[in-house]
Amino acid sequence: MKIFKYALLAIPFLYFSCDNDDDTPDPVNEEEVITTMNVTLVAQDGSGTVTMSSVDNDGEGPNQPVVTGGTINSGTAYTGMVEFLNELESPAEDITEEVMEEADEHQVFFTAGGGLDVVAQAMDADSNGNPLGVHFELVAGSAGSGTLTITLVHEPEKPNDGLSTAGGETDIEVTFDVVVE
């Protein structure tokens with residue numbers, strides 16, 4: 001009889017210990033390390049190609065990235081592409097592919113500053129028709145100089161009215177010095 005009592009007392013413990021709840025936490029989706037941003041601008045009139053880059057050889061280490069700006073022609077439209085790499089890996093990991101595969105979760109923003117007369121517009125979109133910006137068109141206005149800041153945002157609010165209303169987290173932001181001749 002005592003064994004029967006103990007067996008009855010053990011049943012609730014066995015029941016609750018064998019439930020199907022999965023207490024394993026969801027895996028953390030770590031942000032990718034982006035050490036390099038390459039920007040290629042191809043003049044639509046055939047007058048040439050401009051390459052700008054930012055390379056941060058130590059990732060989030062103490063050294064500042066090496067940023068190389070560019071010179072573009074006034075009154076010229078350019079077809080542009082932004083490439084994101086993790087060069088801490090060997091061979092370098094192309095983060096651009098992931099950004100394009102996860103287009104709904106990313107957006108590239110372009111901000112002209114310092115009097116730079118350019119307009120940039122995304123030429124690609126996510127599955128909902130919202131701008132992505134890996135491929136873009138840049139139109140140079142009048143001669144002058146200033147900065148072009150390119151920002152990759154992870155999980156922005158879409159649609160948005162630009163970087164100021166996008167929210168999300170900045171994956172990488174680089175400010176390039178640009179001269180328009």
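If region 76-181 were replaced by its equivalent ellipsoid, with semi-axes equal to the square roots of 5 times the Cα gyration tensor eigenvalues, what would those be, largest first, whole Å?
23, 17, 13
Taking a point 7 angstrom from the Cα of Val139 along the C-beta vector, which residues in region 101-115 have backbone N less than 17 Å away?
Answer for this model: 110-112.
Report, to the nearest whole %, how much of the accessible area of region 67-122 belongs to carbon and sulfur atoms, 1.4 Å probe, protein only.
Numbers: 1170 of 2730 Å².
Answer for region 67-122 is 43 percent, counting heavy atoms of protein chains only.
What residues from region 136-165 fall in the zone where the backbone N is under 18 Å from a label point 7 Å along the Cα-to-C-beta line of Glu32?
Answer for region 136-165: 136, 150-156.
For region 141-153, in order, what is each residue's ³J(HN,Hα) by Karplus, 6.51 cos²θ - 1.76 cosθ + 1.60 with θ = phi - 60°, in whole Hz (x at glycine and Pro)?
For region 141-153, the Karplus curve yields x, 6, 4, x, 8, x, 10, 10, 9, 10, 10, 9, 10 Hz.
Can you list residues from other chains, or at least 5 along the same chain, whose modelled amide H is less than 5 Å from the amide H of Gln44?
Ala77, Tyr78, Thr79
Counting only other residues whose beta carbon sits under 9 Å from that of Glu87, what net charge do I get with K and R as +1, D and E as -1?
Cβ neighbours under 9 Å give a net charge of -3.
I need the phi-derived Karplus couplings for region 169-181: 6.51 cos²θ - 1.76 cosθ + 1.60, θ = phi - 60°, integer Hz, Gly and Pro marked x.
10, 6, 7, 7, 9, 10, 10, 9, 7, 10, 10, 10, 9
Can you give me the long-range amide H partners of Glu157? Hydrogens built in the peptide plane at 1.01 Å from N, cutoff under 5 Å, separation of 5 or more residues or another chain.
For Glu157, the qualifying residues are Gly167, Gly168.
Rg and Dmax in Å for region 51-132, alpha carbons only: what are they?
15.1, 41
Fully extended, how many nm does the chain gain between Thr71 and Glu102 (0.36 nm per residue separation, minus their Cα-Cα distance)?
8.0 nm
The values are calculated or read from the model by the stated rules, or taken from the named source; none is laboratory data. Since the structure is predicted, the reported quantities are computational estimates derived from the model, not experimental observations. A quick note on method: Cβ atoms are made from the backbone with ideal geometry, for glycine too, and the neighbour counts reach across all protein chains shown. The area values use the complete protein model at the heavy-atom level, side chains included, leaving out ligands, DNA and RNA. Shrake-Rupley method; radii C 1.70, N 1.55, O 1.52, S 1.80 Å.
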